[in-house]
Amino acid sequence: MKTQPAASTTVFRAVLVLLSPCTIAACSSHAPVVNPTPATTTCHASQLGFGVDSRNGQFNGMSHSGTMLTVRNTGSAACTLPAQPQPVLTNADKRPLDIITQPPTAPAPSPIRLAPGAAVESEMRWVSGNVYEDGHCESPALIDLAIGGKKVSTAFTGHLCGAGGKPTTYTLTPFRAVAAPVLSYACDDGRKVQASYPDTATAVVTLDGNTHHLHIAISADGARYVGDHWQWWTKGMHDAWLSPLRNGETYPSASGVACHAP
């Protein structure tokens, strides 16, 4: 006569079978760990370059004028920038003038991620002639841009006019990315090189399928960029010399190759 297992033993075995996979997965030292992607920090005034560019008068018209506001990340880390600029126009004593931006007609876009060397621009337009009855005009000396509780400043040469009894106004577009033109070089050894220059201190060079961010270095003439074991030395925008750099080298000991862009 066979002995039947106790009911409690059967229940214990069933529970063990159900729990074992979960227990093993939870306790295993090989359980996957997800590392969060580091958040991009807000841009600081100290890592930004700010300038204005009239584009040789392209904004000038019948009693109208304007300029382009340009902000560039001159730091070594990416950061985020509000899409809508917040400038303040001041006199030579840095006192704010009664000049305000017209309210935007659409909600501001999301903040912009600004990579090292990258730039954004915004069009600023205003009435430059006193076409109003009892109108008034101001000629600011400086323009400040609020960034993260601080400001960056640059000289300003515009002449802005407004209606009598009201602040002078101007329009301002949200920031948009500025794309650096990419030049294609053919080297004497048959290699193809693509290079762009997002700012005066940086060259982004792509060769053999790899992209290298090079920084400006001392040179007797031309513009010399080094980094990632490469030297890229340009003479003008269309002639360059590509040389490998060995560990510890400031100048290459190996011979390089001439490269030319059409």
Please report the net charge: other residues with Cβ closer than 13 Å to the Cβ of His136, K and R +1, D and E -1.
-3
Once you have the alpha carbon radius of gyration of region 140-259, what is it after dividing by 2.2 N^0.38 Å, with N set to its residue count?
1.57
How much net charge surrounds Ala203 when only the other residues with a Cβ under 12 Å from the Cβ of Ala203 are counted, with Lys and Arg +1 and Asp and Glu -1?
-1
Which whole-angstrom value gives the distance between the alpha carbon centres of region 54-104 and region 172-235?
28
Mean-square fluctuation check for the chain, GNM, Cα pairs under 10 Å: which of Thr169, Thr42, Thr211 is largest?
Thr211
Which three lengths, in whole Å and largest first, does the chain cover when its Cα atoms are put on their principal axes?
117, 63, 31
Can you figure out the FRET efficiency of His215 with Thr80, using R₀ = 22 Å and their beta-carbon distance, to the nearest 0.05?
0.45
I need the calculated FRET efficiency for the pair Thr250 and Ile100, taking r as the beta carbon distance and R₀ as 41 Å, to the nearest 0.05.
0.20
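Bear in mind that the values in this text are calculations on the coordinates, not laboratory data. Note that the coordinates shown come from a computational prediction; the quantities given were computed from them, not determined experimentally. No Cβ is skipped: glycine too gets one built from the backbone with ideal geometry, and neighbour counts run over all protein chains shown.
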